[in-house]
Amino acid sequence: MEVTDANIQVLCGYLQGTLNPDVKARKEAENFLVSVERNQNFPVLLLKLLTLQSVDAVIRQVAAVTFKNYVKRNWEVDAEDHIHPSDRARVKELVVELMLQSPEGVRKQLRAAIQIIGAHDFPEKWPDLIKILVSKLASGDFGVINGALQTANSLFKRYRHEMRSDTLFLEMKFVITEMGPSLTALFLSTLALIREQEQNAAAVKILGHSLYIIAKVFNSLNSQDLPEYFEDNMVSWIPNFCELLSYSNPSLVSDSDTDPGHLEKLKAEICDIASLYAQKYGEEFEQYLGPFVTSTWNLLTTTSNALKYDSLVGSAIGFLSSVAYRVSNKNLFDDDATLASICEKVIIPNMEFRPGDQELFEDSPEEYIRRDVEGSDMETRRRAACELVRALSMYFETKITVIFTEYVNSMLSRYASNPENHWREKDAALYLVTSLVAKGKTEKSGVTKANALVDIKSFFSQHILPELADAQVDSRPVVKADCLRYVLVFRSLLDAELVRSAIPPMVQHLSAKSIVSHSYAASAIEKILAMPEKIVSAADLVSVMEPLLKNLFAILEVEGSKENEYAMLAIMRVLACLGDEVVPILAPLLPILLAKLAAAAQNPKNPRYNHYLMEALCCSIQAACKANPGAACDTFEASLFPVFQEILQKDVAEFVPYVFQILALLLEMRKKYKLALPDPYMALLGMLLLPDVWETHGNIPPLSRLLRGFVNLGEDRVVSAEKVPEFLRIFQRLIASKKFDGEGFYLVSTILEMPQGQSILHQHFRQIFTLIFTRLTQGRTPKFSKHLIVFASHFVTCLSPEALIEVIDGLQAGMFGMFLERVLFQESQKITRNEEKEVVVTGLTKLLACEPMATGKYAEKWGLTFTCLVNLLQLPSETVNRSEVVALEHGEGSYEDPFETNVGYHGSYSRLLFAGSGENFPFKNKVPCVKSLLTLALRQVVSIGGHLDKLVMTVQDESARMNAVDFIKGLGVAI
């Protein structure tokens, strides 16, 4: 693809096509762009197009988005590099300068692309990037300077949360060495300019924005440790930051009541920097602490109640909390008058339920809930005030409790005198109690450690339960929501009887009109059912099962709550808790779930809701199949297949991995209950083997599992349809991928375990092992080596040791010996999971007893192999669910309970917990007794002419040799 005017015109035409309102035409244009994006010069063409003023601005914007997405899909090298080296070099050469010269819309997309490239290449493969950015800081053009600063901020902000490592610190040292002096000079010159230009509103706005980004970059560069450069130059930064907290200029103040201006953002960032220094660099920051506390106090007592100041006030209170948490600063607060003043002038005012909060409660309930329950309000006034209460309670718990108890009692008294007019008083009182009592919490259990000076159970009985028992669920909705939140937060500390007594009222509140109220009720019920203690059992739920599920499903019909993730999560949890108890009322629920699935698939909007919906379907399948497997499978397949077919035909990316998991679950149910493979599945199999389906990474784990389901259930049909060669093509694709190579091993292992598998694969063994050893040579990783050891052991178990030796040596003479030395010996001790160890122990035991190892050409490797086996047996084992291993290997993070935090579609595999792991781990051979198996193997060695004394002598290390002798004697075998 040459960089010519003609090709640019063609590209413009297809970019224009992506805006076509006709879905078919738009899809064709998008597919064409994806089909040619791996051609040489494609990214260069896009960047060239962006320089042409003759091209419509809208098309250039689309080109910028296309370029960013191209980089996102292709820049990381996995199995192969899809970008030509010259294109990589040319992109790095052009993109920064082009970004700085582009309008803001294009600039934003190119900046995102630079961030992606930088994450992979900076600094090792792109050291010039920092030099380019630093050179722009001295340009004098604040349009260019701000562009360079924003790019630097996008690159360095990951330092705030990245795990500490030598590599990270080396990178940060390189960055600070290159940028530190220029950033400091720019900061000081910008401060001078903003003072000179105070009357020039336009200039002040640009300079104020620059100071804000400079502060963000400074924060990122100081977030891991205090760099030597910034410690030496602290006097240039910290006093000026403190002075800026008191700076005012009307040109930098936002005209909006809700959106902060540059000055508010700058001051909030400075408070965050002060918090960082107070928490981590207290000794170095000590001389500046007093002035910062004074400036922050003045800021808090002079800042208005407007919403635009929320982030600033939150950060300012956060700084005071950081100071209060340190025992060395205890003297700053160790005065009754000071504590009372903080409570009266900072904490209480920022606990109040403001008109803006009520507007959010009524008009944006999802955002209100996210801030309130999920903790996304860390920079808001209320959350910051709560944190300050906790900080002060660390050293002044008794004093704080006495002060706040008076406020709480006064507020509750006013509420009791006139609930309709003083409901805000009870709202603030409940927040005060929560912040004062809660001292430790977990996602699963809520608050687990509390202030012993407050009787939360008595408070619940007097002020919470009566409110929930009120049949008027729509009266005083904010207070009702607060009471539901109290149950949710303190569920672990309330007696089981109290919690169970709250279930019927909460079921009643599911019918509340307020979205916040019925969402809190659903969330509280779900959290209680998910508690490790299981204080509410299936038997407890049966009596309220029908109204509970009826009210939960009714929430999904309320306008504004049609995709309520809390209700759907509660539905899933209730179905899971009830198990087969729900079967009698499941029939009318299934059509509703299917209708919700079809609606969500038309326009996926809420990833969590979608995930919980699919989990609810899995729970229904599990329960129904347990009760009546044949009828249940038929019913679900008949109902789901039309919806699934539409999802697959339209390639609804958010749902496709879920579809594959549920289909795999249904196949596994059929296998479990010895049911036949229906024809519609075989009709689907051809589509599953198409290369395009395997392009999306999120599809691969569930697709692999689904294919194994076909093999396990419908071996004869897979063989008769001559699909095995296509399965092997998938294996070839997977084995080349560093991310999904394990799936390739599992797929071929499943085929190997088929009754006909060994004879079918025999003609392909050489090809399979050629692919494996090519990958081992060209892209070896510890994970790949472990998978290879497990697979080789499984091969030995399914066929024979001689077969493995023959096929590996058939590739190259003596290669099996190299495999033992360079793979088995080096990596076998990293295999700690029980299920994998069982496979390897079985394989190695059989290998030791075969003729080539006992008396043949590999007898000199016998001791090495036996040592590996003994060491493996003596290693501690880990019991890990196979599906968790798959998820972790695919970069899915930790799997405790996927419903606690970040569930949802992220362009990757989101595992359905209730779809189970099924046949995810293909190796079925178990070791009945390692001791017996190994004893028989050693006797077999002797019976075929092997001499254990001589074989043991092949162990080179004397300590290992003695360990081997002791181990053999311990088995009762003579040497």
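Each reported figure results from applying straightforward, stated rules to the coordinates on display, with no laboratory input. No experiment lies behind these values; they were computed from the predicted model shown. Reconstructed Cβ throughout: ideal geometry from the backbone, glycine too, with neighbour counts over all protein chains shown.
The ellipsoid that matches the Cα gyration tensor of the stretch 76-132 has semi-axes, each √(5λ) in whole angstrom, of 20, 13, 11, with the longest given first.
Peptides 272-278, 331-337, 652-658: what's the order by average Cβ count within 10 Å, highest mean first? Intermediate results must be reported in sequence, preceding the final value.
Values: 272-278: 23.4, 331-337: 11.9, 652-658: 21.4.
Highest-to-lowest ranking by the protection proxy: 272-278, 652-658, 331-337.
Size descriptors for the stretch 100-177: radius of gyration and Dmax over Cα atoms are 12.8, 38 Å. Rounded to two decimals, the Cα-based Rg/Rh of the stretch 206-361, with Kirkwood Rh, is 0.97. Cα-based values for the stretch 661-720, radius of gyration first and Dmax second, are 11.3, 33 Å.
The amide H of K449, built 1.01 Å from its N in the peptide plane, has K439, G440 as neighbours under 5 Å, considering only residues 5 or more places off or on other chains. Size descriptor for the stretch 321-368, Kirkwood hydrodynamic radius: 13.1 Å (Cα pairs only, one decimal).
Direction-averaged projected area, Cα convex hull, the stretch 295-453: 9.9 nm², rounded to one decimal. Across q = 0.12, 0.13, 0.15, 0.22 Å⁻¹, the stretch 279-363 modelled as identical point scatterers on its alpha-carbon atoms has Debye log10 I(q)/I(0) values of -0.42, -0.49, -0.63, -1.13, in the order of the q list. Percent of Cα pairs in the stretch 621-765 per distance bin of 10 Å, from zero to the largest separation: 11, 42, 36, 11, 0. For the stretch 752-792, the calculated P(r) over all alpha carbon pairs, in 5 Å bins from 0 to the bin holding the longest distance, is 5, 21, 24, 23, 15, 9, 2 percent. Dipole magnitude for the stretch 550-612: about 140 debye, using +1 per Lys or Arg Cβ and -1 per Asp or Glu Cβ, origin at the Cα centre.
Residue-wise HN-Hα couplings along the stretch 525-535, as the Karplus relation 6.51 cos²θ - 1.76 cosθ + 1.60 with θ = phi - 60° gives them from phi, are 4, 4, 5, 5, 5, 8, 4, x, 6, 6, 6 Hz; Gly and Pro carry x. Summed over all non-identical Cα pairs, the Kirkwood treatment of the stretch 778-827 gives a radius of 11.2 Å.
Our compactness index for the stretch 46-95, the C-alpha radius of gyration over the empirical 2.2 N^0.38 Å, is 1.26. When the chain is described by a simple charge dipole with +1 on each Lys and Arg Cβ and -1 on each Asp and Glu Cβ, the residue from T405, L872, S220 located farthest towards its positive end is L872.
Our analysis of the stretch 557-713 gives Rg over Rh at 0.95, with the two radii drawn from alpha carbon positions and Rh computed by the Kirkwood formula. Here is the P(r) of the chain: all C-alpha pair distances, binned every 20 Å from 0, give 11, 33, 38, 17, 1 in whole percents. Gyration tensor analysis over the Cα atoms of the stretch 414-456 returns equivalent ellipsoid semi-axes of 26, 11, 7 Å (largest first, whole Å).
Extent of the stretch 431-583 along its three principal axes (Cα atoms, max minus min coordinate, largest first): 45, 33, 23 Å. Separation of the stretch 801-838 and the stretch 715-760, taken as the distance between their Cα centroids, equals 20 angstrom.
Among the listed pairs K308/K480; K441/K534; K308/K562; K92/K216, those with a Cα-Cα distance over 21 Å are K308/K480; K308/K562; K92/K216. When the Cα atoms of the stretch 385-490 are aligned to their principal axes, the ranges along those axes come out at 41, 32, 23 Å in descending order. Placing +1 on each Lys and Arg Cβ and -1 on each Asp and Glu Cβ, with no other charges, gives the chain a dipole about its Cα centre of roughly 1720 debye.
Between the Cα long axis of helix 700-713 and the first principal axis of the chain there is an angle of about 40°, rounded to the nearest 10.
When only alpha carbons are used to place a centre, the stretch 114-186 and the stretch 671-694 end up 50 Å from one another. Taking max minus min of the alpha-carbon positions on each principal axis, the stretch 616-703 gives extents of 38, 25, 22 Å, largest first. Here the convex hull built on the C-alpha positions of the stretch 470-537 has a volume of 72 cubic angstrom per residue. Computed 3J(HN,Hα) for the stretch 796-802, one whole-Hz value per residue from the Karplus formula 6.51 cos²θ - 1.76 cosθ + 1.60 where θ = phi - 60°, is 4, 5, 6, 10, 6, x, 4, glycine and proline marked x.
Counting other Cβ atoms within 10 Å, which GluC sites (Glu not before Pro) in the stretch 277-385 have at most 16 and lie in a DSSP loop? Let's see the in-between values first.
Working: sites: E283, E284, E286, E344, E352, E359, E362, E366, E367, E374, E379; in loops: E352, E374, E379.
For GluC sites (Glu not before Pro) across the stretch 277-385 that sit outside H, G, I, E and B with at most 16 neighbouring Cβ atoms in 10 Å, the list reads E352, E374.
Dipole of the chain computed with +1 at Lys/Arg Cβ and -1 at Asp/Glu Cβ about the Cα centre; of Y277, G843, V95, farthest Cα towards the positive end is G843. Here the stretch 133-266 is treated with +1 on each Lys and Arg Cβ and -1 on each Asp and Glu Cβ, and its dipole about the Cα centre works out to around 240 debye.
Karplus-derived 3J(HN,Hα) values for the stretch 89-99, using 6.51 cos²θ - 1.76 cosθ + 1.60 with θ = phi - 60°, are 5, 5, 4, 5, 5, 9, 5, 5, 4, 5, 4 Hz; glycine and proline are entered as x. Note on the stretch 498-546: Kirkwood radius taken over Cα pairs, Stokes-Einstein applied at 10 °C and 1.306 mPa s, translational D equal to 143 µm² s⁻¹.
When the chain is described by a simple charge dipole with +1 on each Lys and Arg Cβ and -1 on each Asp and Glu Cβ, the residue from S720, L613, Y70 located farthest towards its positive end is S720.
Need one word for the stretch 680-776: rounded, prolate or oblate. Basis is the Cα gyration tensor (sqrt eigenvalues a ≥ b ≥ c); a/c below 1.5 gives rounded, then a/b vs b/c decides. It comes out oblate by the Cα gyration axes. For the Cα trace of the stretch 168-246, dividing Rg by the Kirkwood Rh returns an Rg/Rh value of 1.01. Amide H contacts under 5 Å for R833: E878, restricted to partners 5 or more places along the chain or on a different chain, H placed in the peptide plane at 1.01 Å from N.
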